[in-house]
Amino acid sequence: MKQRVSALLREKFGREVVLEKPRDRSFGHFATPIAFSMAKELRESPMKIAEELASSFNESDFFSSVDSVKGYLNFRLSENFLNEYAAWALKNPDQFAKQEKNEKILLEFVSANPTGPLHIGHARGAVYGDTLYRLAKHLGYDITAEYYVNDAGNQIDLLGLSIQLYGRESILKESVEYPQSYYRGDYLAPLAQDAVVKFGIEILSDESRQKELALWAKDGVMEIIKKDLAATNIFFDTFVYESSLYKDWDRVMVKMGDGIYKKEDKVFIASSQKSDDSDRVVVREDGRPTYLAGDIVYHNQKFERGYEHYINIWGADHHGYIARVKAAVEFLGYESAKLEVLLSQMVSLLKDGEPYKMSKRAGNVILMSDIVEEIGADALRFIFASKKSDTALEFDLSEFKKQDSSNPIFYIQYAHARIKTIISKSDLSEDEIMSATLKNLGENADMLMFDALLLPEIIEDAFSSRQVQKLPEYLKSLAASLHKFYYDCRIIGTEDEAKLLKLLMVVGLSLRTGLSLMGITAKDYMTKEED
RNA sequence: GCGCUCGUAGCUCAGCUGGAUAGAGCACUGGUUUGCGGUACCAGCGGUCACAUGUUCGAAUCAUGUCGGGCGCACCA
């Protein structure tokens, strides 16, 4: 809709035209301050230019009016156009707001180490990534969701150690001295028990078998992680294992050319030649690769697979790492501009105004699964999708347990349920409703319909700006318009019943489509929960 | 110290590719249909958009600086 207006104006004026929402809805559907920018070159007052521009529009199928107000141009779309667009959307709900972008994108996110269940910080990145993924799919991108499994390196040994410690204490009843770093939490219990069944009791005490134990256990941990994700409606297309990549290391080193050098028996990447502060070690004296080495082979593999664009979602504490990986990508002979790194910031939780307590049981972190259990997957997704991902966030769980308009997810669901209910109450058949014409609706209904038809623009904007919070913002305001309209305007039993119901169907379609892009299923009726 | 980032209502946050009177929810105060789900709606209260300078017809938005918060600056992952 906006694209069409924009294209039409670009052709008419021969320049890009900024379109925005009018200050006051009664002004029209779209507005542009174009007269201000033309004022300077034409040496005329903006008001006069706007008036001349406004009068240069004839009556067209597209605009019913074009007015100038204080230098702004305000456009009103014709009823013909809106009616046809709405009718098309209702007939083709699966096509509504879709596009065919086709670009091949690789989206890597979560990629938490396979050493324990996901915590609340992972959840934010997970929701952000999955929402981008859903938006991209809807826009027709050929996008792949990928999880990189760090199953090599120290953290794997640490997992083995942690299972042994847990088993020695709880199964062998030894008194165990805990080192400074190890993993803890209830999830170790079944791993320790299964390990005993599979390997025998001696696996718990034999330090030389830590790695063997961990390499077996990591698959179990990955199952836990996948379960956490699935409970929030998040699924991946591909999993890439770090351990499977090192066979390519020699070849990748050669490919890096001058980007790599040896010094004091260590291998460095000359990342300071690019935008990094200093060169980094990639292979230690004893031959063990560093964390960066894994990412170099991984990114080489990504680029060899041939995508047009790469998006990584990382925790914000890794931001200093971006320059190194980009340097490596360039040494490998690829355009680092194709690699886009998005950051997901920390989350602090409150409950009833107090900091949320981390439980010993969980290993002194806040588990994603605990929060899902407490407020539900829908609310969790909604919260994380409604805030800019790259700024720190603090929120109170208790707000999302309420069953009223202060809980945005509830508010939107209720709007959708109201639409469903009223349509089922009407005596009119679906054919009668669908054959109504959406014209002469009056100001309020007209604006409601326009709002509902804005979804395609919102989706496109939310994805291309990577600002997914634009979608929940939109859904909240559409729900508010619906509730207000419902309150102000009686529908059943009036002359306009058919066309008003049709209008509500359009709103319902937008709400439902928008929610599904957030991984949330729209409800057809609400049930009151008792505390 | 260097780098990244944030600072908007009492609280949690939108708005930031410059545009008309800076928004929402919570909290607080008051109100609402002889009717479709009051799980809703409306109104009031509340702001030096951290501060300063600059660019511009126009700055919460861009630039520079200052102050304040967070994060990072490993041969850890």
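The values are calculated or read from the model by the stated rules, or taken from the named source; none is laboratory data. From a predicted model like this one, the values you see are computed outputs, not experimental measurements. Neighbour counts are summed over all protein chains in view; Cβ atoms, including those assigned to glycine, are modelled from backbone coordinates with ideal geometry. For the accessible areas, the whole protein counts, side chains as well, though only heavy atoms, and no ligand, DNA or RNA atoms are used. Shrake-Rupley method; radii C 1.70, N 1.55, O 1.52, S 1.80 Å.
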> Rounded to whole Å and sorted largest first, what semi-axes of the equivalent ellipsoid does the C-alpha gyration tensor of segment A:139-234 yield via the square root of 5 times each eigenvalue?
Replying inline: 30, 14, 12
> On the first, second and third principal axes, largest extent first, how far apart are the outermost C-alpha atoms of segment A:79-134 in Å?
Replying inline: 58, 25, 16
> Cα axis of helix A:443-452 to longest principal axis of chain A: angle in degrees, 0 to 90, nearest 10?
Replying inline: 30
> So which of A:357/A:402; A:388/A:420; A:425/A:523; A:388/A:476; A:173/A:198 end up more than 23 Å apart, counting from Cα to Cα?
Replying inline: A:388/A:420
>> To test your reading of the geometry: what angle, between 0 and 90 degrees and rounded to tens, separates the Cα axis of helix A:154-170 from the longest principal axis of chain A?
In response: 70
>> Please list, in order along segment A:301-306, the HN-Hα scalar couplings obtained from phi with the Karplus expression 6.51 cos²θ - 1.76 cosθ + 1.60 (θ = phi - 60°), rounded to whole Hz, x for Gly and Pro.
In response: 4, 4, 5, 5, 6, x
> Can you list residues whose amide H is under 5 Å from residue A:282's amide H, if they're 5+ apart or on another chain and H is modeled 1.01 Å from N?
Replying inline: A:267, A:268, A:269
> Sorted by mean Cβ packing within 10 Å, highest first, what order do the peptides A:10-17, A:278-285, A:254-261 take?
Replying inline: A:278-285, A:254-261, A:10-17
> Any idea which of A:444, A:467, A:428 is furthest toward the positive side of the dipole for segment A:377-531, if Lys and Arg beta-carbons carry +1 and Asp and Glu beta-carbons -1?
Replying inline: A:467
> With charges set only on the Cβ (+1 for Lys and Arg, -1 for Asp and Glu), what does the dipole of chain A come to about its Cα centre, in debye to the nearest 20?
Replying inline: 520
> How many angstrom lie between the C-alpha centres of segment A:417-494 and segment A:252-321?
Replying inline: 50
> Accessible area of residue A:169, 1.4 Å probe, to the nearest 10 Å²?
Replying inline: 80
>> Using only the heavy atoms of the protein chains and a 1.4 Å probe, how would A:250, A:130, A:496 rank by accessible area, largest first?
In response: A:250, A:496, A:130
>> Restricting to DSSP loop positions (anything but H, G, I, E, B) with no more than 11 other Cβ atoms inside 10 Å of their own Cβ, which GluC sites (Glu not before Pro) remain in segment A:50-80?
In response: A:59
> How would you order A:485-495, A:365-375 from highest to lowest mean count of nearby Cβ atoms within 10 Å?
Replying inline: A:365-375, A:485-495
>> Within 10 Å of each candidate Cβ there may be at most 13 other Cβ atoms; applying that plus a DSSP loop requirement, which trypsin sites (Lys or Arg not before Pro) in segment A:38-90 survive?
In response: A:43, A:70
>> What are the ³J(HN,Hα) couplings of segment A:121-134, residue after residue, when phi is run through the Karplus curve with 6.51, -1.76, 1.60 and θ = phi - 60°? Round to Hz, x for glycine and proline.
In response: x, 4, 4, 5, x, 5, 5, 4, x, 5, 5, 4, 4, 5
> What percent does the relative contact order of chain A come to when contacts are Cα pairs within less than 8 Å and at least six residues apart?
Replying inline: 15
> Taking the inverse of the average 1/r across all pairs of different Cα atoms in segment A:355-497, what Kirkwood radius in Å do you get?
Replying inline: 18.0
> So how do A:265, A:461 rank on accessible area, 1.4 Å probe, biggest first, that is with the largest at the start?
Replying inline: A:265, A:461
> If you plug each phi of segment A:221-237 into the Karplus form 6.51 cos²θ - 1.76 cosθ + 1.60 with θ = phi - 60°, what whole-Hz ³J(HN,Hα) values come out, in order, with x for Gly and Pro?
Replying inline: 5, 4, 5, 4, 4, 4, 5, 4, 5, 4, 5, 10, 6, 10, 9, 10, 7
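Note down, for chain A, the three equivalent ellipsoid semi-axes (square root of 5 times each alpha carbon gyration tensor eigenvalue), biggest first, whole angstrom.
Semi-axes (√(5λ), whole Å): 52, 32, 18.
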> When ranked by the protection proxy of mean other Cβ atoms within 10 Å per residue, highest first, what sequence do the peptides A:318-327, A:439-448 form?
Replying inline: A:318-327, A:439-448
>> Just to make sure I understand: if all protein chains stay in place, what is the order of A:473, A:20 by accessible area at 1.4 Å, largest first?
In response: A:473, A:20
> How much solvent-accessible surface does residue A:314 expose, in Å² to the nearest 10, with a 1.4 Å probe and all protein chains in place?
Replying inline: 30
> Over segment A:2-77, what lengths in whole Å, largest first, do the semi-axes of the equivalent ellipsoid take, defined as the square roots of 5 times the eigenvalues of the alpha-carbon gyration tensor?
Replying inline: 18, 14, 12
